[in-house]
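This report concerns only the one structure given below.
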Amino acid sequence: AMEKLGLLRSRMAVPALIARLAREAPAIRLVAIRALGRIRDPDALEALLDEVEGIDAAGLPVVSQALVGYGGECVPAILRRLERRGAHAEREVSLLGQLRSLEAVPRLLEILLGAQTPHLRAAAAAALGSIAHPDAVPALLRALGDSMREVRVQAAWALGRIGDPRAVEPLEAILDDPYGWVRIRAGEALAKLGKPGLEALRRRADGPETEARTLAREMLDLVGDAR
(Lines give C-alpha, C1' and ligand atoms only; values in the text may rest on other atoms or scores of the structure.)
Protein backbone atom coordinates (compact mmCIF):
# COMPACT_ATOMS: atom_id res chain seq x y z
CA ALA A 1 0.00 0.00 0.00
CA MET A 2 2.82 2.43 0.84
CA GLU A 3 4.55 1.68 -2.44
CA LYS A 4 1.37 2.37 -4.41
CA LEU A 5 0.71 5.62 -2.54
CA GLY A 6 4.20 6.76 -3.47
CA LEU A 7 3.68 5.88 -7.12
CA LEU A 8 0.41 7.81 -7.07
CA ARG A 9 2.24 10.76 -5.46
CA SER A 10 -0.67 11.21 -3.12
CA ARG A 11 -0.08 14.13 -0.74
CA MET A 12 -3.02 12.93 1.32
CA ALA A 13 -0.87 9.94 2.29
CA VAL A 14 2.02 11.97 3.73
CA PRO A 15 0.89 12.09 7.41
CA ALA A 16 0.24 8.35 7.44
CA LEU A 17 3.57 7.57 5.79
CA ILE A 18 5.45 9.76 8.27
CA ALA A 19 3.71 7.97 11.12
CA ARG A 20 4.90 4.60 9.79
CA LEU A 21 8.56 5.66 9.95
CA ALA A 22 8.66 5.22 13.71
CA ARG A 23 6.68 1.99 13.78
CA GLU A 24 7.82 -0.28 10.97
CA ALA A 25 10.63 -2.81 10.66
CA PRO A 26 13.67 -1.43 8.81
CA ALA A 27 12.88 -3.00 5.41
CA ILE A 28 9.30 -1.68 5.42
CA ARG A 29 10.46 1.67 6.72
CA LEU A 30 12.55 2.05 3.57
CA VAL A 31 9.40 1.60 1.47
CA ALA A 32 7.80 4.52 3.34
CA ILE A 33 10.93 6.62 2.75
CA ARG A 34 10.89 5.86 -0.97
CA ALA A 35 7.19 6.74 -1.13
CA LEU A 36 7.78 10.08 0.60
CA GLY A 37 10.66 10.79 -1.76
CA ARG A 38 8.38 10.28 -4.75
CA ILE A 39 5.65 12.52 -3.34
CA ARG A 40 8.12 15.29 -2.40
CA ASP A 41 5.75 17.10 -0.11
CA PRO A 42 7.42 19.92 1.91
CA ASP A 43 5.66 18.60 5.02
CA ALA A 44 7.73 15.40 4.79
CA LEU A 45 11.10 17.12 4.57
CA GLU A 46 11.94 17.30 8.27
CA ALA A 47 10.88 13.69 8.79
CA LEU A 48 13.19 12.56 5.99
CA LEU A 49 16.05 14.61 7.42
CA ASP A 50 15.46 12.89 10.75
CA GLU A 51 15.97 9.61 8.89
CA VAL A 52 19.41 10.80 7.71
CA GLU A 53 20.41 10.83 11.37
CA GLY A 54 18.53 7.70 12.41
CA ILE A 55 18.82 5.18 9.57
CA ASP A 56 21.55 2.53 9.41
CA ALA A 57 24.30 2.70 6.79
CA ALA A 58 22.52 0.23 4.50
CA GLY A 59 19.40 2.41 4.34
CA LEU A 60 21.20 5.74 4.00
CA PRO A 61 21.34 5.70 0.14
CA VAL A 62 17.54 5.34 0.05
CA VAL A 63 17.08 8.39 2.28
CA SER A 64 19.65 10.37 0.29
CA GLN A 65 17.92 9.56 -2.98
CA ALA A 66 14.59 10.67 -1.52
CA LEU A 67 16.07 13.99 -0.41
CA VAL A 68 17.98 14.64 -3.64
CA GLY A 69 14.59 14.69 -5.33
CA TYR A 70 13.79 17.85 -3.36
CA GLY A 71 16.76 19.63 -4.92
CA GLY A 72 17.76 22.95 -3.38
CA GLU A 73 14.55 23.10 -1.38
CA CYS A 74 16.08 21.06 1.43
CA VAL A 75 19.45 22.86 1.59
CA PRO A 76 18.45 25.54 4.15
CA ALA A 77 17.09 22.85 6.47
CA ILE A 78 20.31 20.83 6.21
CA LEU A 79 22.42 23.91 6.90
CA ARG A 80 20.36 24.65 10.02
CA ARG A 81 20.96 21.12 11.27
CA LEU A 82 24.68 21.44 10.64
CA GLU A 83 24.80 24.34 13.08
CA ARG A 84 24.29 21.73 15.80
CA ARG A 85 27.28 19.65 14.59
CA GLY A 86 25.47 16.50 15.68
CA ALA A 87 26.80 12.96 15.59
CA HIS A 88 25.65 12.53 11.99
CA ALA A 89 26.95 15.83 10.58
CA GLU A 90 29.16 13.87 8.18
CA ARG A 91 26.05 12.42 6.54
CA GLU A 92 24.48 15.84 6.18
CA VAL A 93 27.68 17.23 4.64
CA SER A 94 27.76 14.38 2.13
CA LEU A 95 24.14 15.06 1.25
CA LEU A 96 25.00 18.69 0.46
CA GLY A 97 27.58 17.38 -1.99
CA GLN A 98 25.00 15.18 -3.67
CA LEU A 99 22.68 18.17 -4.00
CA ARG A 100 25.51 20.24 -5.56
CA SER A 101 24.17 23.40 -4.03
CA LEU A 102 26.19 26.60 -4.42
CA GLU A 103 24.35 27.92 -1.37
CA ALA A 104 26.18 25.31 0.72
CA VAL A 105 29.71 26.26 -0.38
CA PRO A 106 30.47 28.85 2.37
CA ARG A 107 29.37 26.45 5.12
CA LEU A 108 31.33 23.57 3.64
CA LEU A 109 34.43 25.76 3.49
CA GLU A 110 34.04 26.59 7.18
CA ILE A 111 33.82 22.89 8.01
CA LEU A 112 36.81 21.97 5.85
CA LEU A 113 39.00 24.57 7.49
CA GLY A 114 37.65 24.41 11.02
CA ALA A 115 36.15 21.05 11.95
CA GLN A 116 38.09 19.12 14.57
CA THR A 117 36.90 15.74 13.28
CA PRO A 118 38.98 14.55 10.29
CA HIS A 119 36.11 12.50 8.86
CA LEU A 120 33.99 15.65 8.78
CA ARG A 121 36.75 17.64 7.08
CA ALA A 122 37.15 14.85 4.54
CA ALA A 123 33.40 14.80 3.87
CA ALA A 124 33.45 18.56 3.33
CA ALA A 125 36.33 18.25 0.85
CA ALA A 126 34.46 15.55 -1.06
CA ALA A 127 31.26 17.61 -1.09
CA LEU A 128 33.12 20.63 -2.43
CA GLY A 129 34.57 18.46 -5.16
CA SER A 130 31.09 17.29 -6.13
CA ILE A 131 29.88 20.88 -6.32
CA ALA A 132 33.08 21.83 -8.20
CA HIS A 133 32.97 25.59 -7.60
CA PRO A 134 36.27 27.47 -8.07
CA ASP A 135 35.77 29.41 -4.82
CA ALA A 136 36.70 26.19 -3.00
CA VAL A 137 40.20 25.96 -4.54
CA PRO A 138 42.19 27.97 -1.92
CA ALA A 139 40.72 25.99 0.98
CA LEU A 140 41.26 22.68 -0.80
CA LEU A 141 44.89 23.61 -1.48
CA ARG A 142 45.34 24.20 2.24
CA ALA A 143 43.69 20.85 2.92
CA LEU A 144 46.41 19.08 0.90
CA GLY A 145 48.61 19.75 3.93
CA ASP A 146 46.10 18.40 6.46
CA SER A 147 47.59 16.14 9.13
CA MET A 148 45.00 13.43 8.39
CA ARG A 149 45.47 11.41 5.24
CA GLU A 150 41.76 10.94 4.44
CA VAL A 151 41.42 14.73 4.19
CA ARG A 152 44.35 14.93 1.79
CA VAL A 153 42.85 12.13 -0.33
CA GLN A 154 39.52 13.91 -0.71
CA ALA A 155 41.11 17.32 -1.27
CA ALA A 156 43.24 15.96 -4.13
CA TRP A 157 40.19 14.28 -5.69
CA ALA A 158 38.17 17.51 -5.37
CA LEU A 159 40.87 19.60 -7.02
CA GLY A 160 40.91 17.21 -9.95
CA ARG A 161 37.15 17.61 -10.28
CA ILE A 162 37.35 21.41 -10.26
CA GLY A 163 40.21 21.52 -12.76
CA ASP A 164 41.84 24.78 -11.66
CA PRO A 165 45.48 25.13 -12.84
CA ARG A 166 46.44 26.68 -9.50
CA ALA A 167 46.40 23.15 -8.13
CA VAL A 168 49.16 21.78 -10.39
CA GLU A 169 52.21 22.61 -8.25
CA PRO A 170 50.65 21.57 -4.89
CA LEU A 171 49.37 18.32 -6.41
CA GLU A 172 52.78 17.57 -7.88
CA ALA A 173 54.29 18.12 -4.43
CA ILE A 174 52.10 15.49 -2.80
CA LEU A 175 53.08 12.85 -5.32
CA ASP A 176 55.69 12.16 -2.62
CA ASP A 177 53.08 11.79 0.15
CA PRO A 178 53.80 8.81 2.43
CA TYR A 179 50.25 7.48 1.97
CA GLY A 180 49.54 5.63 -1.26
CA TRP A 181 45.96 6.79 -1.84
CA VAL A 182 47.02 10.43 -1.54
CA ARG A 183 49.62 9.87 -4.27
CA ILE A 184 47.09 8.09 -6.48
CA ARG A 185 44.45 10.79 -6.17
CA ALA A 186 47.06 13.48 -6.81
CA GLY A 187 48.21 11.70 -9.95
CA GLU A 188 44.64 11.26 -11.17
CA ALA A 189 43.93 14.92 -10.51
CA LEU A 190 47.00 16.06 -12.44
CA ALA A 191 45.94 13.92 -15.38
CA LYS A 192 42.63 15.81 -15.43
CA LEU A 193 44.23 19.26 -15.36
CA GLY A 194 45.12 19.35 -19.02
CA LYS A 195 48.48 20.45 -20.39
CA PRO A 196 50.02 21.84 -17.15
CA GLY A 197 49.02 18.73 -15.22
CA LEU A 198 50.44 16.42 -17.87
CA GLU A 199 53.67 18.42 -17.93
CA ALA A 200 53.99 17.91 -14.17
CA LEU A 201 53.49 14.17 -14.60
CA ARG A 202 56.10 14.08 -17.37
CA ARG A 203 58.62 15.81 -15.10
CA ARG A 204 58.07 13.22 -12.41
CA ALA A 205 58.08 10.36 -14.93
CA ASP A 206 61.60 11.34 -15.98
CA GLY A 207 62.81 11.95 -12.44
CA PRO A 208 64.62 9.72 -9.92
CA GLU A 209 63.41 6.17 -9.37
CA THR A 210 60.70 6.60 -6.73
CA GLU A 211 57.09 5.57 -6.20
CA ALA A 212 56.11 8.98 -7.61
CA ARG A 213 57.98 8.21 -10.84
CA THR A 214 56.16 4.88 -11.23
CA LEU A 215 52.80 6.49 -10.54
CA ALA A 216 53.44 9.35 -12.99
CA ARG A 217 54.29 6.89 -15.75
CA GLU A 218 51.16 4.85 -15.03
CA MET A 219 48.97 7.96 -15.17
CA LEU A 220 50.50 9.08 -18.45
CA ASP A 221 49.95 5.62 -19.90
CA LEU A 222 46.31 5.73 -18.83
CA VAL A 223 45.68 8.97 -20.72
CA GLY A 224 47.62 7.76 -23.76
CA ASP A 225 50.50 10.18 -23.39
CA ALA A 226 53.44 9.01 -25.46
CA ARG A 227 55.99 11.27 -23.68
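The values are calculated or read from the model by the stated rules, or taken from the named source; none is laboratory data. Not measured: the values here are computed from a predicted model. Here the Cβ positions follow ideal geometry from the backbone for every residue, glycine too, while neighbour counts run over all protein chains shown. Calculation scope for accessible area: heavy atoms of the full protein, side chains included, ligands and nucleic acids excluded. Shrake-Rupley method; radii C 1.70, N 1.55, O 1.52, S 1.80 Å.
A few notes on this one:
- Here the chain has 53 percent of its accessible surface on carbon and sulfur atoms, given a 1.4 Å probe and all protein chains in place.
- Diffusion of segment 53-150 by Stokes-Einstein, at 10 °C in a medium of 1.306 mPa s and with Rh set to the Kirkwood radius over alpha-carbon pairs, works out to 117 µm²/s.
- Enclosing the Cα atoms of segment 22-67 in their convex hull gives a volume equal to 62 cubic angstrom per residue.
- Sparse-neighbour loop sites [GluC sites (Glu not before Pro); segment 45-153; at most 10 other C-beta within 10 Å; DSSP]: 83
- Interatomic Cα distance distribution for segment 155-227, bins of 5 angstrom, percent: 3, 21, 34, 27, 13, 2, 0
- Comparing mean-square fluctuations of 93, 105, 62 from a GNM of the chain with C-alpha springs under 10 Å, the top value falls on 62.
- With Cα atoms as the point set, segment 1-92 shows a radius of gyration and Dmax of 12.4, 37 Å.
- Whole-angstrom gap from segment 150-227 to segment 22-76, using each part's C-alpha centre: 38 Å
- Applying the criteria of a DSSP loop state and at most 13 other Cβ atoms within 10 Å to the GluC sites (Glu not before Pro) of segment 161-227 yields 209.
- In segment 92-227, the ratio of gyration radius to Kirkwood radius, Rg to Rh, stands at 0.99 when only Cα atoms are counted.
- Alpha-carbon spread of the chain, three principal axes, descending order, Å: 67, 35, 27
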